[in-house]
Amino acid sequence: MTTDDEGGRGRLTGPAGPDEEPHTPAAPAPDAPGPNAPLPDAPGPNAPVPDAVTCRALRYAFGETKAVDGVDLSVRTGEVFGLLGPNGAGKTTAIRCITTLLPVPAGMVRVFGHDAAKERMAVRRLLGYVPQQLSADAGLTGRENVALFARVFDVSRRERAARVTQALAAVGLTDAAGRLAKTYSGGMIRRLELAQALVSAPRLLMLDEPTIGLDPIARTSVWEHINAVRAATGMTVLVTTHYMDEADQYCDRLALMHQGRIRALGTPDELRSALRARRRATRTPAAAHPAPLTPGTPTPAAAPDTPATTAPASAPPTTPSSPPSAPSRPSDTEPTLEDVFRDVAGSGLDEQSGDFRDVRSTRRTANRVG
Ligand SMILES: Nc1ncnc2c1ncn2[C@@H]1O[C@H](COP(=O)(O)OP(=O)(O)OP(=O)(O)O)[C@@H](O)[C@H]1O
C-alpha cells in the first residue's frame, strides 16, 4: 500500500484522484439505520440474496505491472472474508477496484448485485472503507472526525448526532470522543477510522490492513470491535491482511493472493486439510520424487467456488498404497496457514514478494499508527 502521493490511492471519501470521478456525497437515506441496527429486510423470502462481492476475471495494471491478474472471487453476504497475501500481491488494488476508487478496466465487479463499473454511486452507498493510509484528522477531536464523515456521507441532519454517538460507542471511544485525535494511540486511531466508516451504516465494510503496526493488544481490540458490530448488524466484512494468525482466527473464508492471482480459497480448515491431503499424496512411493511445483495446474485446494482460478499444484493426487510410516518430519505436523501459502505460492515467496514501493508503504503505515 502506498500513500496518496503514489498513484492517487486516496480514501473513498477524500478528494478525487486522477483516476477517480469527483465524489458526490451519497443521497441521504431518510430512515437509514444506525451502525448497530439490523440490516434492512431482504426483498422477499424466496428472493436470492446476492453475494456481497463478486469479481470475475478482474484485471488491473499499472503500466507493465499486472497488479491484479485475473481474479475470481465471491464474498458471501454476512461473512468475514480475508484477502491474504504478501507485500505487492495485489490486495489493495483489488480492494480499490471493488470500492470504485479505481476503474474496472477488464473483468467484472459486482457489489450486492450492482456493477462497480456502471453504478459507482450505488456501490459507494453500500460500503464503508478504511484505507491503510491515515483517514482521521489529527487536529480534530474523535467526535468531530466521525461527524465529518457523517456529513460527507449525507447522514441526515436529524440523525447525525445519534449516529456519531453510536459509531463512537461501537468502537469503545465514547470517553475519548472529546480529545484531539493527535493524542490517540495507534489502536485508538484505527478504531476511530472504523467509526468513521461505520457512521454511514454500510452493508459491506472493507478494511485494508486494519491492524498493521499495532501491538497485539490493540490488534485484538480492533478485531473485537469489528466482530461486535458485525454480530449486531449482519454486516459483511472484507479485510486484507499480512497476518496469517489473524486471518485464521477471525475470517470465515480466505483467499490467498500472490502476484495478482488468487492461489487458493476456502475456510482456514479447508485450506489446511487440502494441504494435508497433498502431503499425504506426495508421500506415496509413486511420489517419492514429487514433481516440482507447476504454476497453472488446478489443485483441489484452489478456490472451490472459483473454478477459473488455478494454483500451483504439488504432485498430482494419488491414492496412498500403504499407510504412511515415515518418521515424524515437518510435513507430518499440523500445517499452518503459512505452510499452505508457501505450498500454493511456490518456492521463492520471500524473494518474489513486493518491491521497494510496497515495503516502503507498509513501513509508512506501520509508523503512523505505531
Ligand atoms: N500507483 C502505483 N503505481 C505503480 N505501481 C503500483 C501502484 N500501486 C501499486 N503498484 C504495484 O502493483 C502491485 C500490487 O500492489 P498492491 O498495493 O495492490 O499490493 P498489496 O498486496 O496491497 O501490497 P501491500 O500489502 O504492500 O499493500 C505491486 O507490484 C505494486 O508495486
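Please treat every number below as a calculation from the coordinates, not as lab data. Here the structure is a predicted model, which is why all the values come from computation and not from measurement. Every residue, glycine as well, gets a Cβ built from its backbone with ideal geometry; the counts of neighbours run over all protein chains shown.
Once backbone amide H atoms are built at 1.01 Å from N, M257 has L84, G85, R263 as its partners under 5 Å, excluding neighbours fewer than 5 places away on the same chain. Peptides 122-134, 168-180 ordered by packing proxy, namely the average of other Cβ atoms within 10 Å per residue, highest first: 122-134, 168-180.
Once the Cα-Cα distance is subtracted from the 0.36 nm per residue extended length, the R179 to K66 segment shows a gain of 36.4 nm. Simple spin-label estimate for L140 and A47 gives 3.4 nm between the two label positions (7 Å along the Cα-to-Cβ direction from each Cα).
Exposure proxy ranking for M244, M206, M121, based on other Cβ atoms within 10 angstrom of each Cβ and starting from the fewest, stands as M121, M244, M206. Close amide H contacts of V130 (hydrogens built in the peptide plane, cut-off under 5 Å, sequence separation of 5 or more or a different chain): M206, L207, D208. Calculated over the stretch 90-220, the projected area of the Cα convex hull averaged across directions stands at 8.5 nm². Our estimate of slack between E334 and T220, defined as 0.36 nm per intervening residue step minus the Cα-Cα distance, is 38.6 nm. Relative to the current alpha-carbon distance between R342 and R276, full extension at 0.36 nm per residue lengthens the span by 22.4 nm.
Exposure proxy shown here: for K118, K66, K91, K182, the number of other Cβ atoms within 10 Å sets the order, fewest to most, as K118, K182, K66, K91.
Here the Karplus relation 6.51 cos²θ - 1.76 cosθ + 1.60, evaluated at θ = phi - 60°, turns the backbone of the stretch 146-152 into coupling constants of 5, 4, 4, 5, 4, 5, 4 Hz, with x for every Gly and Pro.
In angstrom, the C-alpha Rg and Dmax of the stretch 146-268 are 15.4, 47.
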